[in-house]
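Taking it in order: structure first as structure tokens, then the write-up.
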Amino acid sequence: MEMWYTEKQTPSVSLSLKTAKTLHVEQTDFQHLAMIETEAFGRMLVLDGMVQTSVMDEFVYHEMITHPALYTHQNPKNVLVIGGGDGGTIREIIKHPSVEKATLVEIDGRVIELSKQYLPEIAVALTGNPKVDVRVEDGIKHIQESKDTYDVILVDSTEPVGPAVGLFSQDFYKGIFEALKEDGLMVAQTESPFFNADLITNVNKRLNNIFPHVQTYLASIPTYPSGLWSFTMASKKYKTEDVNTESLYNIDTKYFTLDILKAATRLPKFVQDLVKGD
Ligand code: SAM
């Protein structure tokens, strides 16, 4: 008998994937967690019924949450990830030669442990790398306790439900501003322009109240709702458009290029309107 994993992405849209097997299911202290093997996208981490990452398309998300920020900063040494317990963002961060320390603050230790076990190609940098510090803590608390510390902060969160609700708030963004050094910048994943229009408008409004430069950009991620995903960068000093691509080093990527760094910020008209709040 065929088995299918179906995620109800909105009340009227579902994604269905043919499943080879269910590898693991549990209720952690924070969320329902499943590891599933799908035919089209390989192994997948699902939290509270929402796909977080798949072996086939994870490179898009992890490269695009990381490299625009790290190239725009130009000399990132101390980088923080909030969430991101699968480890893909940390794997990308440590490709940058300037990085001396990459800290992961994930609230749910089970996401880290099970990603190491079932998604080793994604979690590869979470063990045995002297630059990487893995902490099981609430990201909100960590931000409240950090001042003038980080060059770059990446908010690799779940959707704004459960423990992640506060990761989209104005107070949290204020805390991030204070946790960043004077030329620091942040990027947050900001969901689908088709299905989360209000979220993109609200996050842009909140970040514009705090940071001088705010830039939403896009990438195509087939397993995420609508397949079109947004990220929003907020920066104290550096701007993506000012990056001098000639002077930069190259790293090994599958989606990100220095042209993509520019192209991803060229927004379709309806996304420009969401960003402006029109
Ligand atoms: N790539 C993903 C996406 O957009 O669907 C995000 C993946 S990552 C696994 C998200 C992680 O954020 C989860 O493991 C979750 O436990 C973590 N998280 C949620 N709220 C958090 C908080 N307050 N502090 C730290 N981590 C949090």
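Each value in this text was obtained by applying a stated rule to the coordinates, not by laboratory testing. Nothing here was measured: the structure is a model prediction, and the numbers come from that model. Note: ideal-geometry Cβ built from the backbone for every residue, glycine included; neighbour counts use all protein chains shown.
Using 0.36 nm per residue and subtracting the Cα-Cα separation, the extra length available between residue 32 and residue 269 on full extension is 81.6 nm. What number, in percent, do you get for the relative contact order of the stretch 71-198 if the mean sequence gap of Cα pairs under 8 Å and at least 6 apart is divided by its residue count? Worked out over the stretch 71-198, it gives 27 percent. With R₀ set to 22 Å, the beta-carbon distance separating residue 100 from residue 178 gives a calculated FRET efficiency near 0.55. The HN-Hα couplings worked out from phi for the stretch 188-195 by the Karplus form 6.51 cos²θ - 1.76 cosθ + 1.60 (θ = phi - 60°) are 10, 6, 10, 6, 8, x, 6, 9 Hz, whole numbers, x standing for Gly and Pro. A simple spin-label model places pseudo-atoms 7 Å from Cα toward Cβ; at residue 18 and residue 138 they are separated by 4.5 nm. Our summary gives the stretch 161-278 a relative contact order of 29 percent, counting only alpha carbon pairs under 8 angstrom and 6 or more residues apart. Look at the alpha carbon pairs under 8 Å that are at least 6 residues apart: their mean separation over the length of the chain gives a relative contact order of 16 percent. If R₀ is 25 angstrom, what is the calculated FRET efficiency for the pair residue 244 and residue 209, using the beta carbon separation as r and rounding to 0.05? It comes to 0.25.
The stretch between residue 149 and residue 1 holds 47.9 nm of extra length on full extension. This uses 0.36 nm per residue minus the Cα-Cα distance.
Amide hydrogen proximity for residue 184: with H placed 1.01 Å from N in the peptide plane, the residues at 5 or more positions away or on another chain lying under 5 Å are 236.
Among beta bridges identified by DSSP and lying wholly in the chain, the antiparallel ones come to about 65 percent. Under 22 Å of direct C-alpha separation, and excluding same-chain neighbours fewer than eight residues apart, residue 262 reaches these lysines: 95, 236, 237, 239, 254, 276. Based on DSSP H segments of at least four residues, each scored -39500 (n - 2.57), the chain has a per-residue ellipticity at 222 nm of -8000 deg cm²/dmol.
The phi-based Karplus calculation (6.51 cos²θ - 1.76 cosθ + 1.60; θ = phi - 60°) puts the 3J(HN,Hα) values of the stretch 132-139 at 9, 10, 9, 10, 9, 8, 6, x Hz, whole numbers, x for Gly and Pro.
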